[in-house]
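Engineer: My questions will all concern the structure given below.
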Amino acid sequence: MTNSLRQHTGGTASLVVGTTLENRYLVIRVVGSGGMSWVYQARDMRFPSVTRLAAVKEMLNPSKDEAVRQTAVQSFEREANLLATLNHPAIPRVYDYFTIGERSFLVMEFVNGKDLEAILTESNDFLPTTMVAHWGVELCHVIHYLHHHQPPVIFRDIKPSNIMSDEHENIRLVDFGIAKLFEPDRKGTMIGTEGYSPPEQYRGEAGPLSDVYALGATLHHLLSRRDPRIEPPFSWHDRPLRQINPSVPEGLDQAVMKALAYEPEQRFQDMKAFQAVLAQFTEGGQPIVVSAASVAPAVAAAVAPATSEDGIQPKWEFTCEDEIRGTPVIVKDTVLVGAYDNNLYALKPSSGEFIWKYAAEGGLTGKPAVFEDNIIVGSEDKRVHAVSLITGKVAWTYYTEAEVRSSPTIAEGHVFIGSDDAKLHAINVMYGRGAWKTEVDGPIRSTPLASSDRIYFGCESGDCYSVDLRGEIKWKFHSKRAITSSPCEGNGLLYFGSVDSLLYALDIKSGWAAWRFRTNNAIISSPTIAQGLVIFGSADGRIYAVDGRSSKEKWHFETEGQVTANPLVQGGLVYCGSVDGHLYALELMTGKLRWKFLTGGPITGGISANEEMIVFGSTDHKIYALPL
Amino acid sequence: MFRFGITYETGRVRQSNEDCLVVITSLQQGDTASPYYGLFVVADGMGGHEQGERASQLAAQTFAREVISRFGAQWLGGVSENSESIQEILESSILRANQAVMLNLPGSGTTLTAALVFSRQIFFTHIGDSRAYLVGKEIRQITHDHSLVQRLVDQGHISSEEAGRFAQRNVLLKAVGQVEGIETDFLTIPWEKGSRLLLCTDGLWGVLSDSEILRITGNYESPQDAAMALSRQANIMGGPDNISAIIVEMTGEP
Ligand SMILES: Nc1ncnc2c1ncn2[C@@H]1O[C@H](COP(=O)(O)OP(=O)(O)OP(=O)(O)O)[C@@H](O)[C@H]1O
Ligand SMILES: [Mg+2]
């Protein structure tokens, strides 16, 4: 097996153009090189009147160690002797073999063409699949010949650079230097990026089925243009052929994957069987189906479970006089929701029946918070209102200097809430008296997060702040655009999105950026964290799940509109609304769609849940309760 | 502050030590001082003719130099506009190390596992099969080896028992200095009170089981004594490879 350090073998071609070897072979140019050798085009001067071309392969001296060198020379001789006994149109003829000093040379038929690796790199697009299938058929033929030769020959090193297409577009197998040296058990000899070889070959066992695998790997490379040497071995299932190259017929994909089965017993059992299937995909071949049962497993069945638009029946609906942009809360026996019609509604969770409403003088866009028997909510009338949960009558109001679009957070006996007056307000939750204000660089529309004696919030100036319980700023982090998204906490990090399209993870103690994750449009949606995953939406239309510790994307789900709403995770499902009017229910771990529910307008607010249902509003003026 | 101990031994079979360790700790006192930080790096080189030891050294030095010039600059000047995230700093520093090895020592390569400890958070970056562990009441492996054997275990082709005996145990799928634009693993977790951070090369974890590492580490109050005891035990087990480890403790508030 070739080691991955082959590119760096370091030797340079030792023959200069114009050199004559053995008084006979005039070196014309270098045509190729590999891990073990240089190959030259030469002219055989024995035939001065006709131009007879030959390929001269010079073995590179692989080692200063005499014993190692000896083995290398022997294997080179073996290649020469083996080639001399073979007789097949796809195998170049051997003319000569000799050694000069420490250097060994093999003279053989010159193949006028290009190796498949060169063809692949020189083309800018996918190769026609019929051509690749045709090559596959011819290769099966010659490898079948080798396997049935006496004694049988296992090629062991099938890969694009060892296959040439000659001037008649016939396939030629070059490089029979099969007994390649490698020093086992020494880290320097990494065979890890090899990629074309089957698992058993890593254990030093190679049989005819190993060539089946390597041919499969070669075809995979030719069809996908993805070099297996730079991918982890045996990772074919991570690179589904048809996903990379949609022009590959399904049956061809299945055939290649069958050849690439990890267990030899599951591959084609001989070259003829492989050839028969490949033949169906050559020009003029008849497509037949590879017996499905025998095809390699587990290309994750992407069959979505029935996504019933209509399967989900709302438990109830309630219509307000204007759009609902805020998030409801469910508390005790009440659903509370603020609407753009200035009202805070109290409804019965079981039926959606109206209990009371409280009228503010401006739209309610946030999510109410509950403290004992009072509900706290901010309004575009510049005030923060505390309303009795039982009677719906006002308990206190508190004035800020501009619209309140932030939602309240309650901690340590205080309400913390931002306002468009560019201040964070701390208000005594019992009496509505202001305790302190912290002035910042712009309106605050995100919901503050209170955690371990600190308050964290985003600001339209693009800054995220940490303040202590006396209102003193502890740190400030700057992003390029507004931070409307509300922060959440996990793993010692603070997560939030910015209109600059990035999701940020800051070290919560210092405010330093630990990582950032890029989406394709503004993030207004507030992240939530579940099972180590940060879930959030982006105006690029997607709902994302990103690993909170590594910043790696776990999945994303494409909706048909911007996602500015906040997701909710409940019982292993992610619920999230989209501007396309749907509420989506996705599997937390995979992002697979469970169901979706269509409302009459964009959904921009968040969701609340209890054991029986989820509740959310839509800009179609309705509040929906869906059963769980 | 940090308390740390190291061991750096050739072992009983190899002629030379192809591993490399780097430890950098810092302190700042003052009104708006940044919390202290520490950078801990282990690297295990490969490639014949002394290339391995040079590769690990070159990679670790280049990496640490980059981290210090970027992160360290911020640390001394506060957070600036457009500042890079710590992930970006660590990843581009590895890329620099990768370029340096490719350019200067073609044909060689090295593992690199590093932990940047800052505030109360640990930031890991990692390529290859050196490892990071958190050792407290239990032992938890943080990094995931980029090795053929690990890949086979992940795919369920061999069991973790078989993995210990697998012939190509030291075949890596990724290393610093092998291909352009290598992808690294990044992970950040909060420091858990009372736990120790252990970084080591396969000369240690390849011969001692996780539970042995846990037991031995727990027997010593001083991280230096613990590190020495670990390499002593690895040598008793034959010391087939170079043994390198760093054990870090965090004391007090950052
Ligand atoms: N008979 C030939 N006629 C023309 N070109 C040839 C011939 N044999 C080999 N070549 C060219 O030389 C390149 C290298 O040859 P070959 O694969 O035999 O070398 P190698 O050192 O054994 O390679 P590796 O060890 O990387 O597999 C081939 O990819 C091909 O482009
Ligand atoms: Mg070759």
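Engineer: Among the residues of the range A:536-548, count how many are of a type in the set (A, V, I, L, M, F, W, C), under 14 Å from A:Thr564 (Cβ atoms) and either within 16 Å of the chain's Cα centre (by Cα) or within 14 Å of chain B (Cβ to nearest Cβ) (or both).
Structural biologist: Adding up the residues that qualify gives 1.
Engineer: Does A:Glu22 qualify as being at pLDDT below 75, open to solvent by 30 Å² or more (accessible area, probe 1.4 Å) and more than 16 Å from ligand 2 (Cβ to nearest atom)?
Structural biologist: no
Engineer: Can you name the condition, by its number, that A:Met59 falls short on among (1) within 15 Å of ligand 2 (Cβ to nearest atom); (2) within 25 Å of A:Glu169 (Cα to Cα)?
Structural biologist: Among (1) within 15 Å of ligand 2 (Cβ to nearest atom); (2) within 25 Å of A:Glu169 (Cα to Cα), A:Met59 violates only (2).
Engineer: Under 9 Å between Cβ atoms, at least 6 apart or on separate chains: pull out the pairs that start in the range A:32-44 with a residue that is under 8 Å from A:Glu58 (Cα atoms) and open to solvent by less than 20 Å² (accessible area, probe 1.4 Å) and end on any residue that is near ligand 2 (Cβ under 8 Å from one of its atoms) and acidic (Asp, Glu).
Structural biologist: Going by the 9 Å Cβ cut-off, the qualifying pairs are A:Ser37/A:Asp175.
Engineer: Please go through the range B:7-26 and give me each residue that is open to solvent by less than 60 Å² (accessible area, probe 1.4 Å) and touching a Ser or Thr at 6+ places or on another chain (Cβ under 8 Å), ordered by number.
Structural biologist: Selection gives B:Thr7, B:Thr10, B:Ser16, B:Asn17, B:Glu18, B:Asp19, B:Cys20, B:Leu21.
Engineer: Of the numbered conditions (1) open to solvent by 20 Å² or more (accessible area, probe 1.4 Å); (2) modelled with pLDDT under 90; (3) among the charged types (D, E, K, R), A:Glu200 fails exactly one; give the number of that condition.
Structural biologist: Just one mismatch for A:Glu200, condition (1).
Engineer: Out of the residues in the range A:469-524 meeting the condition of being in a loop (DSSP other than H, G, I, E, B) and facing chain B (nearest Cβ under 9 Å), tell me which one is nearest to A:Gly537 (Cα to Cα).
Structural biologist: Out of the qualifying residues, it is A:Lys480.
Engineer: Further question on the same structure: Is one or more of the residues making up the range A:549-559 open to solvent by 30 Å² or more (accessible area, probe 1.4 Å), touching a residue at least 40 places away in the same chain (Cβ under 8 Å), more than 28 Å from A:Ser406 (Cβ to Cβ) and within 14 Å of another protein chain (Cβ to nearest Cβ)?
Structural biologist: Yes, the range A:549-559 contains at least one residue that is open to solvent by 30 Å² or more (accessible area, probe 1.4 Å), touching a residue at least 40 places away in the same chain (Cβ under 8 Å), more than 28 Å from A:Ser406 (Cβ to Cβ) and within 14 Å of another protein chain (Cβ to nearest Cβ).
Engineer: Give just the number: which of (1) at pLDDT 95 or above; (2) open to solvent by 20 Å² or more (accessible area, probe 1.4 Å); (3) away from chain A (no Cβ under 14 Å) does B:Glu91 not satisfy?
Structural biologist: (3)
Engineer: For the range B:153-170, state whether one or more residues are assigned to a strand (DSSP E or B) and buried (at least 20 other Cβ atoms within 10 Å of the Cβ).
Structural biologist: Within the range B:153-170, none of the residues are assigned to a strand (DSSP E or B) and buried (at least 20 other Cβ atoms within 10 Å of the Cβ).
Engineer: Of everything in the range B:136-152, what is assigned to a loop (DSSP other than H, G, I, E, B), open to solvent by 60 Å² or more (accessible area, probe 1.4 Å) and more than 11 Å from chain A (Cβ to nearest Cβ)? Give them in sequence order.
Structural biologist: The answer is B:Lys137, B:Glu138.
Engineer: Continuing with this model, one more query. Among the residues of the range A:154-164, how many are open to solvent by 10 Å² or more (accessible area, probe 1.4 Å) and either more than 16 Å from ligand 2 (Cβ to nearest atom) or within 13 Å of A:Ala206 (Cβ to Cβ) (or both)?
Structural biologist: Residues that pass the stated criteria total 3.
Engineer: Give me a count of the residues in the range A:243-288 that are among the aromatic types (Phe, Trp, Tyr) and open to solvent by 30 Å² or more (accessible area, probe 1.4 Å).
Structural biologist: 1
Engineer: B:Phe166 is checked against (1) within 11 Å of chain A (Cβ to nearest Cβ); (2) closer than 26 Å to B:Glu88 by Cα and fails just one. What number does that condition carry?
Structural biologist: It is condition (2) that B:Phe166 fails.
Engineer: Going by the conditions given, is A:Val39 modelled with pLDDT of 90 or more and either within 16 Å of ligand 2 (Cβ to nearest atom) or within 14 Å of another protein chain (Cβ to nearest Cβ) (or both)?
Structural biologist: It is true that A:Val39 is modelled with pLDDT of 90 or more and either within 16 Å of ligand 2 (Cβ to nearest atom) or within 14 Å of another protein chain (Cβ to nearest Cβ) (or both).
Engineer: Find all pairs meeting these conditions: Cβ atoms under 9 angstrom apart; at least six residues apart or on different chains; first residue within the range A:317-339 and basic (Lys, Arg); second residue surrounded by fewer than 24 Cβ atoms within 10 Å (Cβ to Cβ) and in a strand (DSSP E or B).
Structural biologist: Going by the 9 Å Cβ cut-off, the qualifying pairs are A:Lys332/A:Val370.
Engineer: Separate question: Hey, could you check the range A:115-133 for residues that are within 16 Å of ligand 2 (Cβ to nearest atom) and buried (at least 18 other Cβ atoms within 10 Å of the Cβ) and say which is farthest from A:Val27 (Cα to Cα)?
Structural biologist: That would be A:Leu120.
Engineer: Also, quick follow-up: Take the range B:186-211 and flag every residue that is over 30 Å from B:Arg120 (Cβ atoms) and not in a loop (DSSP other than H, G, I, E, B).
Structural biologist: B:Gly203
Engineer: Kindly provide the set of residues from the range A:28-63 that are among the hydrophobic types (A, V, I, L, M, F, W, C) and more than 6 Å from ligand 1 (Cβ to nearest atom), ordered by number.
Structural biologist: Correct list: A:Ile28, A:Val30, A:Trp38, A:Ala42, A:Met45, A:Phe47, A:Val50, A:Leu53, A:Ala54, A:Val56, A:Met59, A:Leu60.
Engineer: For the range B:174-185, does any single residue satisfy the condition of being part of a strand (DSSP E or B) and either in contact with a helix residue (DSSP H, G or I) (Cβ under 6 Å, 6 or more places away or on another chain) or surrounded by fewer than 23 Cβ atoms within 10 Å (Cβ to Cβ) (or both)?
Structural biologist: yes
The values are calculated or read from the model by the stated rules, or taken from the named source; none is laboratory data. Just so it is clear, the model here is predicted, and its values are computed rather than measured. So basically every Cβ, Gly included, is an ideal-geometry build from the backbone, and we count neighbours across all protein chains shown. Note: accessible area is taken over every heavy atom of the protein model, side chains too, but ligands, DNA and RNA are not part of it. Shrake-Rupley method; radii C 1.70, N 1.55, O 1.52, S 1.80 Å.
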